[in-house]
Amino acid sequence: MLTRELLTLLRSTAEEVVREAGTLIHHRRASGVRVDDTKSSVNDIVTPADREAEALIVDLLTARRPSDGIVAEEGHARTPSSGITWVIDPIDGTVNYLYNLPAFCVSIAATVEDPDRYADGRRAVAAAVFNPRTNEMFVAAERLGATRNGEPIRASVDVPLGQSLVATGFGYTRERRLAQHELLGRVIGEVRDIRRFGSAAYDLCLVAAGRVDAYFEVGIQPWDWAAGALVATEAGAVTLGPSEHVPPGSDFFIAGSPGLAHQLRDLLVGS
Ligand code: IPD
């Protein structure tokens with residue numbers, strides 16, 4: 001178990017780094033955005049700001065924590081000698097960034113190896129998610145709680161399924177979207193409403209703040225969930241995979257209060 005001092009240090013490092021990177025992407029946004037490259041489909045975009053922010057984050061972390069590892073969305077990777085690996089999304093919500101819609105974030109998490117907790121074999125111990133457009137800073141550290149702009153936050157408590165506001169997201173390929181459409185069909189008639197903000201990290205922070213009651217998605221990546229999942233769980237939510245025996249991860253991810261998350265899982269997996 002990491003000491004409180006180390007957790008506090010990792011959390012403040014995460015906060016400083018996302019604030020610097022968030023300020024950078026905010027300024028770059030003001031001078032316009034272009035698409036630099038595409039990934040899984042023509043709509044899965046990379047902007048110069050994604051690359052510039054990722055390089056800045058890696059430089060800042062390397063200066064502060066040279067022995068830590070790196071796993072980052074746009075390709076930076078380094079094996080740790082300290083046992084800690086930073087999982088980085090320089091802009092989560094890149095399509096919102098392109099369109100100047102206000103749900104995009106810089107998201108980073110300090111993680112340790114844990115074969116059971118999440119499907120990628122890591123769990124976050126300290127994290128920060130910063131939305132520079134709304135000026136919201138979400139931070140968390142394991143056992144130390146979660147805050148939004150310095151104020152403690154809590155997830156909603158067991159809202160009935162029929163009155164729950166549920167966030168979800170969609171991937172970029174046709175096949176993925178069709179599968180997601182089918183899952184959405186199982187849920188949309190059973191809940192208060194659905195929200196699609198366009199940033200999984202932000203969705204998880206909204207669960208943490210009780211501004212949506214739950215979130216589910218299939219097809220997200222470790223950099224999409226690592227930081228937001230810690231913020232959500234430190235605020236009282238649980239994260240679930242498709243069964244008690246399969247951890248949450250790219251194939252299936254739910255976050256919400258325990259009762260609601262389990263009901264949502266029953267709907268989605270069809271039990
Ligand atoms: C995407 C967003 C979106 C989610 C997608 C992710 P990106 O990340 O988090 O909300 O639905 O699955 O790929 O591409 O903006 O970094």
- Message: Test of the criteria: in region 68-165, which trypsin sites (Lys or Arg not before Pro) are in a DSSP loop and have at most 13 other Cβ atoms within 10 angstrom of their Cβ?
- Response: R143
- Message: Check which residues have an amide H placed less than 5 Å from D114's amide H, if you skip close sequence neighbours.
- Response: R122, R123
- Item | FRET efficiency for T8 and S81, using Cβ-Cβ distance with R0 set to 22 Å, rounded to 0.05 | 0.50
- Considering the zone a paramagnetic label at H262 would reach in this model (a point 7 Å from Cα along the Cα-to-Cβ line), which residues of region 153-188 have amide N under 19 Å from it? 155-164
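Could you work out how much longer the chain between D36 and H245 gets when fully extended? Use 0.36 nm per residue separation minus the Cα distance between them, nm to one decimal.
71.2 nm
If R₀ is 35 angstrom, what is the calculated FRET efficiency for the pair R177 and E20, using the beta carbon separation as r and rounding to 0.05? Could the numbers behind the result be given before it?
Details: r = 35 Å, r/R0 = 0.99.
With a Förster radius of 35 Å, E is 0.50.
Let me know the whole percent of all Cα-Cα pairs from region 87-167 that are separated by more than 20 Å.
Result: 50 percent of Cα pairs exceed 20 Å.
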- Taking the Cβ of V212 as the centre, find all other residues whose Cβ is under 9 Å away and add up their charges (Lys, Arg: +1; Asp, Glu: -1). 0
- Globularity ratio of the chain, using Cα Rg and 2.2 N^0.38 Å: 0.93
- Computed over the Cα atoms of region 20-124, what is the convex hull's projected area averaged over all directions, in nm²? 7.0 nm²
- One finds, for E190 and D59 with R0 = 35 angstrom and r their Cβ-Cβ distance, a FRET efficiency to the nearest 0.05 of 0.15
- Item | Karplus (6.51, -1.76, 1.60) ³J(HN,Hα), θ = phi - 60°, over region 122-134, in Hz, Gly and Pro reported as x | 9, 9, 6, 10, 8, 7, 9, 10, 10, 9, x, 6, 9
- Query: What is the distance, in nm, between label points placed 7 Å from the Cα along the Cα-to-Cβ direction at M1 and at V95?
  - Reply: 4.3 nm
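Quick note: the coordinates plus some simple rules give every number you see, no bench work behind them. All figures in this text were calculated on a predicted structure; none of them were measured in a lab. Backbone-built Cβ (ideal geometry, glycine too); neighbour counts: all protein chains shown.
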